[in-house]
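*Asks:* I have a structure I would like to understand better, so I am pasting it below and will then ask my questions one at a time.
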Amino acid sequence: MYEIKCDVAIIGAGPAGLSAAVAAKKEGAEEVLLIERDTSIGGILQQCIHPGFGLTYFKEELTGPEYAGRFGDEALALGTKVLLDSMVLEVVPEENAVYCVNAAYGMTKVCAKSIVLAMGCRERTRAAIQIPGSRPAGIYTAGAAQRLINRQNAMVGREVVILGSGDIGMIMARRMSLEGAHVKAVVEIMDFLAGLTRNKVQCLDDFGIPLKLAHTITRIVGSQRVEGVYVAAVDEHRKPIPETEEYIPCDTLLLSVGLIPENELTCKAAVKMSCITNGPEVNQYMQTSAPCVFACGNVVHVNDLVDNVTVESMRAGACAARYAKGELDHDSRVVNAVPGNHVRYLCPQYICCGGNEDVKLFFRVLAPDSAVTIIARCGDEVIAAKKVKRVSPGEMEHILVPIQKVTGDVTVEIKKEE
């Protein structure tokens, strides 16, 4: 078996992996290795040719390939090594090892002092939402359609309905329109937007594409190719209301019904998982329950902005490098980060109290609201608070917690202003 030794091994060379590699090198890790199953680095951003990336991190608007290219160029310039065309089979924390199959070397064992999981996420498919009907051609996940159009120059359809108001679904509504297709509707089962408001404005409103909130697709019609779909309003329990059903003829159905962290490797490594995010539970160093294993980006929790992925991943890469050098403290007291009223989950899930840096807790709310206060508490004591004009499940929120005030478990809640 071919063997490679390094200080930090990073699985995935998308935006999370590239950011982690840059940070690990800057933190002093001598040998950093990126393991990527594709034949080039960049990950999902290679097919995201639309602008809108980098507004927070770079303070300018970039396309996906441009954003990935900046970190890719920097990682390579710093001396990061890349193992392309390599499928990781297993992560074994007890051995500090990653086993993969490489096109050039065959079975390969990567021995690393620390490991960073940066595998990203995947889309939920039709099977996950169980839409009745036959199985005709013309049904795609939004990401699959994006890859076909943007990277393989293949048009997927002309009369389109999109199920789900996630960001990639709305972005593909615009993309299909620009290619001359007629997007008849974006259908969302919830009574609120699943993605960013700016994408609704730029991708739906600006192109006159109807958004049907509190609606779902009840049936797909067609045997060889999609001929149309039935759409109905849903009640407060998200059950279709039969008398509201309408037929929309179309030849293509795109599904934008959620993303799932790519965590088969994580589960197999027996890392402790979150039942809410479907990603590994981490502390503020992005360290998992296996001390040598760190995780970042959409493999931990699905982010709305790649800029947030970058910041989180750079922290993971830097801390993984410190661990590899024996400089990361493990003796500090650990408390829980607990979601309170109106908060779906918190990340990180644990706080190590022995550090000297304040902790930024990221979270999503359960439903839209306006004029609220985000409050962090230790018991009855408020240790941090900030007012915000509006919150939405489609947009990540955060609050900075002063580490000196953390005396026990930290609860974050949303309170409506009076």
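The values are calculated or read from the model by the stated rules, or taken from the named source; none is laboratory data. From a predicted model like this one, the values you see are computed outputs, not experimental measurements. Glycine gets a Cβ as well: all are built from the backbone with ideal geometry, and neighbour counts include every protein chain shown. Heads up: the accessible areas ignore ligands, DNA and RNA and are worked out on the full protein's heavy atoms, side chains in. Shrake-Rupley method; radii C 1.70, N 1.55, O 1.52, S 1.80 Å.
*Asks:* What is the sum of charges, Lys and Arg at +1 and Asp and Glu at -1, for the other residues whose Cβ falls under 12 Å from the Cβ of Ala233?
*Replies:* Summing Lys and Arg as +1 and Asp and Glu as -1 gives -4.
*Asks:* Still on this structure, please answer the following. Roughly what angle does helix 167-178 make with the longest principal axis of the chain, taking Cα atoms, 0 to 90 degrees, to the nearest 10?
*Replies:* Here the helix axis deviates by roughly 50 degrees.
*Asks:* How big is the charge dipole of the stretch 90-232 about its Cα centre, in debye rounded to the nearest 20, if each Lys and Arg gets +1 on its Cβ and each Asp and Glu gets -1 on its Cβ?
*Replies:* Dipole of the stretch 90-232, to the nearest 20 debye: 280 debye.
*Asks:* Another one. Less than 23 Å apart at the alpha-carbon level, and either on another chain or at least 8 residues along: which lysines does that give for Lys59?
*Replies:* In chain and number order, the partners are Lys26, Lys200, Lys360, Lys389.
*Asks:* Determine the order of Ile139, Ile374 by accessible area, beginning with the largest, at a probe radius of 1.4 Å.
*Replies:* In descending accessible area the options line up as Ile139, Ile374.
*Asks:* Run lengths n ≥ 4 of DSSP H only: what is the helix-derived mean residue ellipticity at 222 nm for the chain, with -39500 (n - 2.57) per run over all residues, to the nearest 500?
*Replies:* Theoretical 222 nm ellipticity from helices: -5500 deg cm²/dmol.
*Asks:* Check cross-link reach from Lys81 to the aspartates and glutamates: straight Cα distance under 19 Å, and skip same-chain residues fewer than eight apart.
*Replies:* Glu3, Asp7, Glu27, Glu30, Glu31, Glu36, Asp38, Asp73
*Asks:* Ok, one more. Here are a few candidate values for mean projected area of the Cα convex hull in nm²: (1) 22.7; (2) 24.7; (3) 21.4. Which one was actually calculated from the structure I just gave you?
*Replies:* The calculated read-out lines up with (3).
*Asks:* Determine how large the accessible area of Lys239 is when every protein chain is in place; take a 1.4 Å probe and give Å² rounded to the nearest 10.
*Replies:* The accessible area comes out at roughly 120 Å².
*Asks:* Just reorder Ser40, Ser86, Ser370 by solvent-accessible area, largest first, 1.4 Å probe, all chains present.
*Replies:* Ser370, Ser40, Ser86
*Asks:* Let me ask something additional. Note the angle between two axes, namely the Cα long axis of helix 306-324 and the longest principal axis of the Cα atoms of the chain, as a number of degrees from 0 to 90, rounded to the nearest 10.
*Replies:* It is inclined by approximately 20 degrees.
*Asks:* Next question. Stretch Arg219-Lys416 to full length: gain in nm at 0.36 nm per residue minus the Cα-Cα span?
*Replies:* Result for the pair: 67.0 nm of gain on full extension.
*Asks:* Per residue, how large is the accessible surface of the chain? Use a 1.4 angstrom probe and give square angstrom.
*Replies:* Accessible area per residue: 43 Å².
*Asks:* Let me ask you something else. Can you give me the % of accessible surface on the stretch 104-245 that is carbon or sulfur? Probe 1.4 Å, all protein chains present, nothing else counted.
*Replies:* 49
*Asks:* Then there's this: Which aspartates and glutamates does Lys212 reach when only Cα atoms under 13 Å apart count, and residues fewer than 8 places away in its own chain are ignored?
*Replies:* Straight-distance partners of Lys212: Glu188, Asp191, Glu245, Glu246.
*Asks:* Taking R0 as 41 Å, what's the FRET efficiency between Gln130 and Asn356 from their Cβ-Cβ distance, rounded to 0.05?
*Replies:* 0.25
*Asks:* Ok, one more. Taking 23 Å as the cut-off for C-alpha to C-alpha distance, list the pairs among Lys25/Lys405; Lys25/Lys268; Lys25/Lys325 that go past it.
*Replies:* From Lys25/Lys405; Lys25/Lys268; Lys25/Lys325, over 23 Å: Lys25/Lys405; Lys25/Lys268.
*Asks:* Moving on. Test of understanding: in a Gaussian network model of the chain with alpha carbons linked when under 10 Å, which of Ile351, Ile131, Ile115 would top the mean-square fluctuation ranking?
*Replies:* In this elastic network of the chain, the residue with the biggest mean-square fluctuation among Ile351, Ile131, Ile115 is Ile131.
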